[in-house]
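Accompanying notes for the structure given below.
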Amino acid sequence: MSRRGRKRTAVALLALTCALPGCSVFRSKPPSAPSGPVTPLPVKKAAEEVVLAAWAEPRRLPPGGGQSQILVRLRRRGGAPFEGVEVRLQTSAGTLFSGGKVLLTDSAGQTRDRLTTHRTAEITLNAGGTVYRFRVRVGSSPEP
């Protein structure tokens, strides 16, 4: 076989080998996870402005992680509870009991979810069109 024939055979074998799963020589890498802020899930916009308070209990989990209640309280201007507002939550780490489904505020203007995580998580919530973010930290060391 000539030198040119061997070269073509080698190129053909390389191409066939790289067509197998797991080879990334000729394939582009999949897109990495976005490093910017998480886009909140869509909800129905509230009929009027929402005054929002959200927090976690406990706000810091032990080094191994665990569970924390995510509490959301919505008020109308003037302080009256805001019932029936759609709320969706997302987390950067761990899982939420709601799984990202729409939650509705009760007659006291409140709803809750439960976070289970082993790492510090940023919670992003959209309540009637108002977006709010906060962290649930894991471990005892202070983080920036």
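The values are calculated or read from the model by the stated rules, or taken from the named source; none is laboratory data. Keep in mind it's a predicted model, so treat the numbers as computed, not measured. Quick reminder, even Gly has a Cβ in these numbers, built from the backbone with ideal geometry, and neighbours come from all protein chains shown. Just the protein is used for accessible areas: all its heavy atoms, side chains included, with ligands, DNA and RNA removed. Shrake-Rupley method; radii C 1.70, N 1.55, O 1.52, S 1.80 Å.
The table that follows gives values for the structure above.
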read-out: The stretch 56-66: number of residues that are outside any loop (DSSP other than H, G, I, E, B), open to solvent by 60 Å² or more (accessible area, probe 1.4 Å) and touching a Ser or Thr at 6+ places or on another chain (Cβ under 7 Å); value: 1
read-out: The one condition in (1) out of contact with any Leu (no Cβ under 6 Å at 6 or more places or on another chain); (2) in a strand (DSSP E or B); (3) surrounded by 14 or more Cβ atoms within 10 Å (Cβ to Cβ) that Ala53 fails to fulfil; value: (3)
read-out: Candidate set from the stretch 98-129 (those that are over 17 Å from the mean Cα position of the chain (by Cα) and part of a strand (DSSP E or B)); member that is nearest to Phe82 (Cα to Cα); value: Gln110
